[in-house]
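This report refers to the structure that appears directly beneath it.
The values are calculated or read from the model by the stated rules, or taken from the named source; none is laboratory data. What you see is a predicted model; the values in this text were computed from it and never measured. Cβ placement follows ideal geometry from the backbone for every residue including glycine, while neighbour counts extend to all protein chains displayed.
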């Protein structure tokens, strides 16, 4: 087995970064039509005038990636994926709060 | 390598119809999908399911797999027969089921058993991989501690990926990537290493490597975006009379004023003491009043004295409004 060692400069995708919609599609392995629909349903924010100019915030990547996985792996449609992502996020937030309260009453 | 019983993994009989296989996969995928499942080893189970479904949903692969015979047991030592896959005709072009790129990506975590039969240079492997001009992006999850998110750090990652050699055989290449994690990263944030994904066949642009950062739960601090919350135990007299107390923060211990009359659950903010950023997060200190036990005669006498002298205090007054 060959073994390479490399040191890389990295770029952190921050809150202020916007990424081209076509690139997001590649990263999240999701069709552009689905991204547009996800934006129309309010899961992500889309900006730009034409298809070539459309951009999404880098912070939306984990949400879109999750929606993509749910659609691909579980066969849910776009509306179902939006609902699932929002419910899962709400569930995680509640679980976080419960953990906090539990610590307070320990 | 070990034999994998794909029918057993999907919980179907060898005679199951394509529809039965699909239904069973959907049901189990819902149960073990890492995004929704709370089952132990969900990710591992889900990968097994994907691998089994990848084979059994495709008539060509299923037929070839069935040819191995039904005498094998899961976990039994296995080597592909020398004449493996001979006598089969293969469809050209895109991988059956479509979405060639996505499937190839998902195969990355599949077992050696799968790779030896259906991956790499086997006749079953996707031909889309050869035609692509740009290499695919690779993804990896990196778990870091809250301290690393606060102060940044260097992380060494061992990554493995199959690479097609010019003679058609597949070689597993390992590389170590040292990544500098900037201070102030948040949970779920992505790091992109441009050009560090799959090499672009035919000299095309290499894909990128995306690292998704996950911050491990911390013993003391709960993270919410860039804000951190700490539960700080205080004595009843510190809460009632006010006090200066030492509070651990991510950047070190600081002195904090507890105002007189503080209540359990009350939150005090230490501005800018959360994760660094623009703007930096805050540290919230949630007070938790801890009562000394009335376990000695002196302590008991003190509580009895309080009961007598603070008789007008009604902690449940709000309930009767």
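Couple of notes before you dig in:
- For region B:240-255, a residue qualifies if it is in contact (Cβ under 8 Å) with a residue 12 or more places away in the chain and surrounded by fewer than 12 Cβ atoms within 10 Å (Cβ to Cβ), and exactly one does: B:244.
- Applying the criterion of at least 2 residues that are in contact with a strand residue (DSSP E or B) (Cβ under 9 Å, 6 or more places away or on another chain), within 14 Å of chain B (Cβ to nearest Cβ) and at negative phi to the helices (runs of 4 or more DSSP H) found wholly in region A:31-106 leaves A:61-74, A:78-105.
- Residue within region B:238-246 that is within 14 Å of another protein chain (Cβ to nearest Cβ) and out of contact with any strand residue (DSSP E or B) (no Cβ under 6 Å at 6 or more places or on another chain) present: no
- Sole exception among (1) more than 11 Å from every other protein chain (Cβ to nearest Cβ); (2) closer than 26 Å to residue B:156 by Cα for residue B:214, by number: (1)
- Tally of residues being loosely packed, with under 14 Cβ neighbours inside 10 Å and not in a helix (DSSP H, G or I) across region B:9-23: 4
- Filter result for residue B:233 (modelled with pLDDT of 95 or more and either touching a strand residue (DSSP E or B) at 6+ places or on another chain (Cβ under 9 Å) or at the interface with chain A (Cβ under 10 Å from one of its Cβ atoms) (or both)): yes
- Count of residues meeting criterion [assigned to a loop (DSSP other than H, G, I, E, B) and more than 14 Å from chain A (Cβ to nearest Cβ)] in region B:263-292: 6
- Any hit, region B:294-306, residues being surrounded by fewer than 15 Cβ atoms within 10 Å (Cβ to Cβ) and in contact (Cβ under 8 Å) with a residue 60 or more places away in the chain: no
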